[in-house]
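My questions will all concern the structure given below.
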Amino acid sequence: MKKFAFITLILLVVAAFSVSSITVYQENPQKAVVLDITDPFSPKIIQNIRSDTTINNIMVYGRVVYLVEGSKVRILKIDENGEASSWEDYDLPYTVDSLDVFGRTIALSHGSALFLTDSRFQPLGTLSAGKSLKSVHFFDENHVLLVFENDGVGMVDIFKVSDPRLMWRLEVKDDVIQDLACYNDYIYVVGKKGLFFIIDVSDISKPKVLFYTKLLEEPLRVVKASGSNVYILFKNGELSVVDVSDPIEPRFVLKKAFGPGTSDLFVYKDLVYVARYNGLYVYEYQHESLKFVDYFPEISAKSFAMVRSIEIPTKEPGTVLWSYNAGSEIRSSPVSYGEAIFFSSINGTIYSVDLNGTFKWSYRTKFLINAPLVVDKDGRIVIGCWDNHLYIVSPDGRLVDRVKLGGDITKPVGVLGKRIYVGAEDGKVYAVEDGKIVWSRQFTGWPTTNILVDNEGAIYFGTSDGKIYSLSYSGNVLWVFHASSWVTSYLASDQVGGIYFGTADGMIYKITTKGELVWKYDVGSDITSGIVVDSFGRVMAGTKDGRLVVLDRKGNFQWQFMAKAQIRSTPAVSKEGNIYFGSDDGYIYALSMDGTLRWKYLTSGKVTSSPLILKNLVAFGSTDGRFYGVYDETEGLDDGPWPMCCGNQMHSKIVKTH
């Protein structure tokens, strides 16, 4: 009987669901252990599996464990409490060399034959590969990858499940295939003698080899992929990390020697689990280095089971799906563009993560950042810094431009085409185009708000001496409105000629785009968050004494919600009318339409960051240094005139004057 030649792992990405998430590792030929990884920082042993014979292969699909013992396949189901069902045993007419599962379809190999069955091992189809198969992998529900060796030549074949015929073949003439990892639109292949391939399968009918190279002369053991990185473990215990954000020109960014006795690894987002002879080591990958997290001597894994990621639809609203550790306070509000989320930390670093919280890239400015990011129409990130400079960074993390101004920049900019409007703490407002200052204007108070830009080219902003200014495209003052105190909130628009703002003496104002007062309302405490105007006719803001105050658009009080501390986080409203905001008490709050608490989640710091609302996701930062993704049942951001900080997910909404 041929023993399964290598075992790969793709860690189950369901750690935040309300059920436990599991993987399985093999301790010796007759013992396997079920590991609870619901808390990825603290894996726990929940089930021991002992076999009377040799365990040839293990596969995990969701919470179902498939155990191969020669020609017998045993199935064990683990419930959300970690309890195991009784075994289901299936005796097959052939020994099983390798196995993979996708949905209700099971792929098994025996010698040169591939068998496709349903979940009860009833035959669906058979294919002869001609040579003895080394392993079988589902790429997706419609395609399967076969790995085999033919007279010293390593091969990877792609077959269609519904019509088993060869679609494409990779031949490695100087090596044999040791391991492969499928991630998003790419397959990463390593050879036993050190070859490394990147294959683009975004069009599965026409795969393309984008890159290959010879790595160390040392034999390779396993390859894993997560986010924009590939992790390659050599037989001598050395780990190489490859940045594949540009798959045509990948960068080898890190090497770390764990030494002999290192048998396997798996990766979950930025966490790297290394199985060594004396226990399981957990590291966190940050800024092209590995930071030690914890060590578990009781987990003596020799190899990990292949784990197929599935989504279990039993998440509870308010459950943390993921968090990314930036290592520095996150005070400002995130933005999104396409499939990317951008945020910044106080230490001057801009980060990009995907919708699963996986790190994509970071860019470090020269000093501190406190202002929210803004994204222009081309996806470029525009941000001011405490080093008196305006930074423009491309969507993939490259510096496009850096413009020196006369003061620190702590508030969000305004963008209109190529033009960027910036308020600085030298009391000036600047117009910048193509890296040059077009004009600047000095004011008696420094700008304290975001800069609104309207569809006719005018801009609006508030100052520390209680004034709202409107300037023309060329920088001329169109009008000045005198408020009763320092303007403390970001401005908002109702997109029909109204501008809203709050002041340090507790007043919420509505004025026209001509500078005329419509109404004002005394809240009774400093307005400390931005103003929001939603499609449900509500105007809302947070206060210094911890209240979220909701008015109608005529300035009439509707209701209020009391948090335990100051609210500096500008609320965000979903399509369902739910309201999300953070507080200095450390919580992110979710309220229903009428102000009833739906759920709240406690971080270890203050939540001054304003939430970003995407489909089934609430994303925000905390001063505990973590950026969180929390689940909620939502179709995304409200379609109203100004439903979040700076109007939309890019912080660059244009004001309509009528």
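The values are calculated or read from the model by the stated rules, or taken from the named source; none is laboratory data. Being a predicted model, the structure only gives us computed values, none of them experimental. So basically every Cβ, Gly included, is an ideal-geometry build from the backbone, and we count neighbours across all protein chains shown. For accessibility, only protein heavy atoms count, side chains too; no ligands or nucleic acids. Shrake-Rupley method; radii C 1.70, N 1.55, O 1.52, S 1.80 Å.
Hey, got the Cα dimensions of the range 273-400 along the principal axes, in Å, largest first?
Principal-axis extents of the range 273-400 (Cα, largest first): 53, 34, 25 Å.
Go ahead and collect, in residue order, the members of the range 203-233 whose backbone nitrogen is under 17 Å from a label point 7 Å along the Cα-Cβ direction of SER245.
The answer is 226-231, whose backbone nitrogens lie closer than 17 Å to the label point.
Could you tell me what % of all Cα pairs in the range 131-258 have separations over 26 Å?
The proportion of pairs with Cα distances above 26 Å equals 17 percent.
Loop-only check: which GluC sites (Glu not before Pro) in the range 215-285 are DSSP coil with at most 15 other Cβ within 10 angstrom?
GLU217
Any idea how far apart ASN28 and SER394 come out in nm if each label point goes 7 Å out from Cα toward Cβ?
Roughly 5.5 nm, to one decimal.
For the range 215-273, take the alpha-carbon Rg, divide it by the Kirkwood Rh, and send me Rg/Rh.
In the range 215-273, Rg relative to Rh is 0.95.
Turning to a different aspect of this structure: Let me have the relative contact order for the range 402-477, percent, based on Cα pairs under 8 Å that are six or more residues apart.
Answer for the range 402-477 is 22 percent.
Sticking with this structure for a sec: How many angstrom separate the Cα center of the range 60-98 from the Cα center of the range 160-222?
29 Å
Given R₀ = 25 Å, what would the calculated FRET efficiency be for LYS600 paired with GLN560, taking r from the Cβ atoms and rounding to 0.05?
0.95
Just to confirm, what accessible area per residue do you get for the range 86-221 at 1.4 Å probe, in whole Å²?
Result: 45 Å² of accessible area for each residue.
Return one whole number: the accessible area per residue of the range 355-489 in Å², for a 1.4 Å probe.
38 Å²
Related question: How many angstrom lie between the C-alpha centres of the range 100-122 and the range 285-301?
Using only Cα atoms to place each centre, the spacing works out to 35 Å.
Would you please classify the overall shape of the range 584-658 from the alpha carbon gyration tensor, given that a ≥ b ≥ c denote the square roots of the eigenvalues, rounded means a/c under 1.5, and beyond that prolate means a/b larger than b/c while oblate covers the rest?
Verdict is prolate for the range 584-658.
When only alpha-carbon atoms count, how far does the range 438-488 stretch along each of its three principal axes, as whole angstroms with the largest first?
28, 21, 17
Run the dipole for the range 192-293 about the Cα centre, Lys and Arg Cβ at +1, Asp and Glu Cβ at -1, nothing else charged, and hand back the magnitude in debye, nearest 20.
For the range 192-293, the charge dipole is close to 320 debye.
In addition: Just to confirm, what accessible area per residue do you get for the range 540-658 at 1.4 Å probe, in whole Å²?
I get 33 Å² per residue for the range 540-658.
Would you tell me the accessible area of SER162, worked out with a 1.4 angstrom probe on the heavy atoms of the protein chains, in Å² to the nearest 10?
100 Å²
Taking the radius of gyration and the Kirkwood hydrodynamic radius from Cα positions alone, what is the Rg/Rh ratio for the range 467-540, to two decimal places?
Radius of gyration over Kirkwood radius for the range 467-540 works out to 0.97.
While we're here: What is the distance, in nm, between label points placed 7 Å from the Cα along the Cα-to-Cβ direction at ALA113 and at GLN442?
Distance between label points: 8.9 nm.
Scan the range 63-160 for GluC sites (Glu not before Pro) in coil per DSSP, keeping those whose Cβ has at most 15 other Cβ atoms within 10 Å, and list them by number.
In loop regions of the range 63-160 (DSSP not H, G, I, E or B), the sparsely surrounded GluC sites (Glu not before Pro) are GLU80, GLU83, GLU141.
Which net charge results for the neighbourhood of LYS31, defined as the other residues with beta-carbon distances under 15 angstrom from its beta-carbon, given Lys and Arg at +1 and Asp and Glu at -1?
-1
Still on this model: Which whole-number percent is the relative contact order of the chain (Cα, under 8 Å, 6+ apart)?
RCO, the chain: 8 percent.
Please compute one quarter of the surface area of the Cα convex hull for the range 335-389 and express it in square nanometres.
3.6 nm²
Simple spin-label model, 7 Å along Cα-to-Cβ: ASP185 to SER328 in nm?
Placing both labels 7 Å beyond Cα along the Cβ direction yields 3.3 nm.
A further question on this structure: Largest first and in whole Å, give the semi-axes of the range 386-518's equivalent ellipsoid, each being the square root of 5 times a Cα gyration tensor eigenvalue.
25, 16, 14
Mind grabbing the accessible area of ASP89 for me, 1.4 Å probe, Å², rounded to tens?
Roughly 70 Å² of ASP89 is accessible to a 1.4 Å probe.
Would you mind estimating how fast the chain diffuses translationally, via Stokes-Einstein at 4 °C and 1.567 mPa s with the Kirkwood radius over Cα pairs, in µm²/s?
Reported coefficient: 48 µm²/s.
Given axes a ≥ b ≥ c from the Cα gyration tensor, I'd like to know whether the range 126-205 is rounded (a/c under 1.5), prolate (a/b larger than b/c) or oblate.
It comes out oblate by the Cα gyration axes.
Still on this structure, I have one more. Computing the accessible area with a 1.4 Å probe over protein heavy atoms, can you report the carbon and sulfur percentage for the chain?
Carbon plus sulfur share of accessible area: 47 percent.
Normalise the Debye intensity by I(0) for the range 500-658, one equal point scatterer per Cα, no solvent, then take log10 at q = 0.14, 0.16, 0.20 Å⁻¹ and round to two decimals.
Summing over Cα pairs of the range 500-658 leads to -0.63, -0.83, -1.31.
Now for a different question. For the range 530-579, what's the relative contact order in percent, using C-alpha pairs closer than 8 Å and at least 6 residues apart?
It comes to 35 percent, rounded to a whole number.
Give the longest segment of the chain that steers clear of trypsin sites (Lys or Arg not before Pro) in DSSP loops with at most 14 neighbouring Cβ atoms within 10 Å, not counting the sites themselves.
174-365
May I ask which of LYS134/LYS224; LYS72/LYS224; LYS44/LYS77; LYS131/LYS206; LYS366/LYS428 have a Cα-Cα span longer than 26 Å here?
Among LYS134/LYS224; LYS72/LYS224; LYS44/LYS77; LYS131/LYS206; LYS366/LYS428, the Cα-Cα distance tops 26 Å for LYS72/LYS224.
Using packing as a proxy for protection, rank 522-529, 629-636 so that the peptide with the highest average count of other Cβ atoms within 10 Å comes first.
My ranking of the peptides, most packed first, is 522-529, 629-636.
Then there's this: So, in Å, what gap is there between the alpha-carbon centers of the range 325-371 and the range 560-612?
21 Å
For SER609, list long-range residues whose amide hydrogen, built 1.01 Å from N in the peptide plane, is under 5 Å from its own amide hydrogen.
GLY621
Quick one: length gained pulling SER592 to SER472 fully straight, 0.36 nm per residue minus the C-alpha distance?
Contour length minus the Cα-Cα distance gives 39.2 nm.
Taking LYS606 as the anchor, which aspartates and glutamates have their alpha carbon closer than 20 Å to its alpha carbon, excluding any fewer than eight residues away along the same chain?
GLU329, ASP526, ASP545, ASP584, ASP585, ASP624
Could you give P(r) for the range 340-424, binned at 5 Å from zero, as whole percent values over all Cα-Cα pairs?
3, 16, 29, 27, 17, 6, 2, 0
Also: Multiply the residue gap between GLU316 and ALA257 by 0.36 nm, knock off their C-alpha separation, and tell me the result in nm, one decimal place.
17.2 nm
Let me ask something else about it. Computed FRET efficiency, Cβ-Cβ of LYS72 and ASP151, R0 30 Å: what is it to the nearest 0.05?
Result of the calculation: an efficiency of 0.40.
Moving on to the next point. Just the ratio, please: alpha-carbon radius of gyration of the range 520-604 over 2.2 N^0.38 Å, N its number of residues.
So the Cα radius of gyration is 0.99 times the expected 2.2 N^0.38 Å.
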